[in-house]
Amino acid sequence: MKKPSKIAMITWHTYLNYGSILQASSLYYNIKKLGYEPEILNYLPKGGVVSYPRLDLAKRMFTKIKSGKKSIYLSDEQTALYNNFLMERTSCTSCYKTYSELNDLNMEYDAFVCGSDQIWSPLCYDSKYFLDFVENTDKMIAYAPSIGSTKIDDSIIREKMFQHISRFKHLAVREQQGAELIKKLTGHDAKVVLDPTLLMDAAEWDEFASVNAVKRIDGKYILCYFLGDAEKYMRYVRILSKKSNIPFYVIPVSTQQKNSGDAVPFEVGPSEFVSLIRNAEYVVTDSFHGMAFSVNYNIPFTVFKRFKDNDCKNQNSRIFSLLQMLGLEERLVDYKNTKNILDMFNCDFTKANQKLIKKRAYSIEYLKNALESATKAITVQKKLPFKITDMCCGCGACATVCPKGAISICRNDEGFEHYLINESICVHCGQCKTVCPMTNITALQMKKSKALYSVKSHSEQVLKVSSSGGVGHEIASMLLAKGCAVCGCTYDTVNNSAKHIWIMPGQKDKLLLLQGSKYIQSVSAEAMKQLVEFAKTTRIVFFGTPCQAASVDKILRKKKLRNQAIIVDLICHGVPSYYLWDKYLSELDKKYGTGDHPIVLFRSKEREWRRRRLMVAGNGRVYKKEEHKDDFYGFFRRGLCYMRACSDCPYRERSAADLRIGDYWGDKFVHDKRGVSMVIANTSQGDDLINTMKIRNTCEVYQQDLIEYWSVQFPYNLPRPLIREQLIAELKNDDVDLHTLRKKYCTYYDQMEKISKVIRFVKKIVKR
């Protein structure tokens, strides 16, 4: 018997609200019903959309205060109900957070389905939900994603969505307004299909409903479910309840609703939600899915517009579309209109049911045909053992192991070190795949690390030159003295770039070149080519970013030389385009006369390690400026023009190194002015090394709680700004100065920083 084709679904399934969970489980159910083997990709996005924010400080402060007025209600018991429902009704993959991890799935699944819910909303844009990681467009299916809006104001998001949607061969959305918008945007015709929750009839949903839930409610009841401002709807509900002589219950979504005395007298998970609607006499809601399940069970309902028509975040189209489709427009009412309120109990679903059955058959037929077509598509990639993606970090590992010398590393048109393949001599052997740090991630989860330490060198000279506590220098110095070869990053004044170099035993004086931070991408390909030869004859120590460290780990394991190395990676936030750095140095030279090849200190500690200053010196001139005032730092700190791989880095929470080192931020060492390093020991070898340093008394070493890494660092990817490509293009333009660009792109973040400072100050006062 032929094995069922594997189908990967990507949708909102981790957001703990009833609509998201129920639509995901319903689409899963229907794909399985058609004879396929579906799995929900457990994709967990971090952060939100970063487009081109234009919001003044006062308005932002007001919005933040206003949004914090109501707290979301979600108990531990309720969370368990959600998770248990998802486990029982679906099958989810392991967790994926990055493009690289998702891209690896191209060989694993026969087709990919995105939908439903508002995964295509411009307000929460994420390219993964447009299947940007799928290489064969014939295998892509859009089933009922919702755009939610009738227009897309943001020009950048609009262009991105145009590019993504144009790739789909099988395209169906949830709302007519969405189809019209896609037609206007791309020229393509999109079918309009039902939300997955409407693909199942009442009898099928009965299998999902809780048997015991409504037994705890005695008699008839009106059910209320409000995602918007419930307070303004309650007058309508109370009048309806009084005139009908039927009590009402509210499914709480906020703490205020839970404590109001009107809440359902038990915790409500997805099964309970279905059961409560099924057994209600009447439903009052502003929720699309509250309305959808009322339709499924033919329960009379009133639905309110949650958004004003002129609201830029208006998401009413999904409600309008369904009501128009079923001929139930009269169920949409103004919450202020209580005239003839009892007449709303009379709802003839006969025509609506006929239309629903017809549309259900149409939607299932679309899904069936799309799956049949997509699963028959040939996977082109199967012809090739491996394809390097745009998530390349420029480490040079692929060039190191390529047996034909077909791969080189050079500066690309975005200003980053990047792979280049000579297709004429490439034999598609797949050797590059085995060492690429951005695929087949096997590195250790940082939560499983051995220990965390605070480390501070006893040498004042070391502390003066180092970025923080000098642990990197002390490790290199100790191991160099033991005969190890050391590879680390220096600043190359000739090429105005960071560069990895090797330092051999007897060259201790050169270790000074490796001290201090370099907040630009290191050119490491040449040093990487020497890695194996050195490791064959001597023990080595490698310092680099987590992706570079992972490539070293993979190369040495491939050559069975991993025990010859101690690998140290650095807490890394990402690297900006060299177009930023080149423009910065050029303008400093024009303004201050610092020359074409100045000496650079990215983290001068003239004052103290927390008051960071960038120093550029040349031609007898010196430029110094604190981080928050400097134009380079203005962009670097925001991650606005980082390498593509940085926003999808798999190593924020993982490490292939023996040790991870960085600044020990947080309140614990807030009064220390010379610097303290944080060190995480991931392996026994790394842990032994730190304890050896402690015994030798070269450093002040104290073990700390491992949780400190997660609390004082930022171990999550910054979302890739949608303005990234636009900014890089402007950085290339010599006619626009950097300070002007900073005002254009960074003002919002500067304002947000001011808000954060105010909030922290207020919190301190309140605590007192």
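The values are calculated or read from the model by the stated rules, or taken from the named source; none is laboratory data. Since the model is a prediction, treat every value here as computed from it, not as a measurement. All Cβ positions, even for glycine, are placed from backbone atoms using ideal geometry, and neighbour counts span all protein chains on display.
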Top-ranked residue of segment 9-42 - restricted to ones that are surrounded by 23 or more Cβ atoms within 10 Å (Cβ to Cβ) and under 17 Å from N369 (Cα atoms), ranked as nearest to the chain's Cα centre (by Cα): M9
Complete set of residues in segment 470-483 that are surrounded by 14 or more Cβ atoms within 10 Å (Cβ to Cβ) and in a helix (DSSP H, G or I): V471, G472, H473, E474, I475, A476, S477, M478, L479, L480
Hits in segment 424-445 - residues which are under 32 Å from the mean Cα position of the chain (by Cα), surrounded by fewer than 20 Cβ atoms within 10 Å (Cβ to Cβ) and among the small types (G, A, S): G430
Matching entry among M678, M615 (being of a type in the set (A, V, I, L, M), over 25 Å from M438 (Cα atoms) and crowded, with 21+ Cβ neighbours inside 10 Å): M678
Flag if L326 is closer than 25 Å to Y29 by Cα and not assigned by TED's automatic domain parsing to the domain that holds Q176: yes
A617 being in contact with a strand residue (DSSP E or B) (Cβ under 7 Å, 6 or more places away or on another chain), free of Cβ contacts under 8 Å to residues at least 40 places away in the same chain and either in the same structural domain as S467 (by TED's automatic domain parsing) or under 18 Å from S517 (Cα atoms) (or both): yes
Residue check, T98 at pLDDT below 85, more than 25 Å from E204 (Cβ to Cβ) and surrounded by 18 or more Cβ atoms within 10 Å (Cβ to Cβ): yes
Residue within segment 507-525 that is modelled with pLDDT under 95 and in contact with a Lys or Arg (Cβ under 8 Å, 6 or more places away or on another chain) present: yes
Residue check, N84 surrounded by fewer than 17 Cβ atoms within 10 Å (Cβ to Cβ), in contact (Cβ under 8 Å) with a residue 24 or more places away in the chain and not aromatic (F, W, Y): yes
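Each row is one residue, and each column tells you yes or no for (1) β-branched (V, I, T); (2) in contact (Cβ under 8 Å) with a residue 12 or more places away in the chain; (3) touching a helix residue (DSSP H, G or I) at 6+ places or on another chain (Cβ under 7 Å).
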residue	(1), (2), (3)
D631	no, yes, yes
D658	no, yes, yes
V676	yes, yes, no
G686	no, yes, no
T692	yes, yes, no
Q713	no, yes, no
Flag for S467 being farther than 29 Å from L102 by Cβ, part of a loop (DSSP other than H, G, I, E, B) and touching a strand residue (DSSP E or B) at 6+ places or on another chain (Cβ under 7 Å): yes
Any chance L223 is in contact with a strand residue (DSSP E or B) (Cβ under 7 Å, 6 or more places away or on another chain), under 30 Å from E88 (Cβ atoms) and in contact (Cβ under 8 Å) with a residue 24 or more places away in the chain: yes
First in segment 279-298 and more than 13 Å from A352 (Cα to Cα) and touching a residue at least 60 places away in the same chain (Cβ under 8 Å), second anywhere and of a type in the set (S, T, Y) and in a strand (DSSP E or B), Cβ under 6 Å, 6 or more apart: V284/T302; T285/Y225; S287/Y225; G290/Y225
First in segment 743-759 and touching a residue at least 40 places away in the same chain (Cβ under 8 Å), second anywhere and assigned to a helix (DSSP H, G or I) and surrounded by fewer than 14 Cβ atoms within 10 Å (Cβ to Cβ), Cβ under 7 Å, 6 or more apart: I755/K64
Segment 648-667, subset in a loop (DSSP other than H, G, I, E, B) and aliphatic (A, V, I, L, M), residue surrounded by the most Cβ atoms within 10 Å (Cβ to Cβ): A657
Within segment 338-350, considering residues that are touching a helix residue (DSSP H, G or I) at 6+ places or on another chain (Cβ under 8 Å) and either in a loop (DSSP other than H, G, I, E, B) or modelled with pLDDT of 95 or more (or both), the one farthest from A203 (Cα to Cα): T338
Per-region count, segment 484-503, residues under 21 Å from V462 (Cβ atoms) and part of a loop (DSSP other than H, G, I, E, B): 1
Per-region count, segment 583-606, residues of a type outside the set (A, V, I, L, M), under 28 Å from L463 (Cα atoms) and touching a residue at least 40 places away in the same chain (Cβ under 8 Å): 6
Complete set of residues in segment 119-143 that are farther than 17 Å from P721 by Cα and in contact (Cβ under 8 Å) with a residue 60 or more places away in the chain: I119, L131, E135, N136, D138, K139, M140, I141, Y143
Total residues in segment 703-745, condition part of a helix (DSSP H, G or I) and hydrophobic (A, V, I, L, M, F, W, C): 8
Scan of segment 546-558 for residues that are in contact with a Leu (Cβ under 8 Å, 6 or more places away or on another chain) and over 24 Å from A481 (Cα atoms), ordered by number: P546, I555
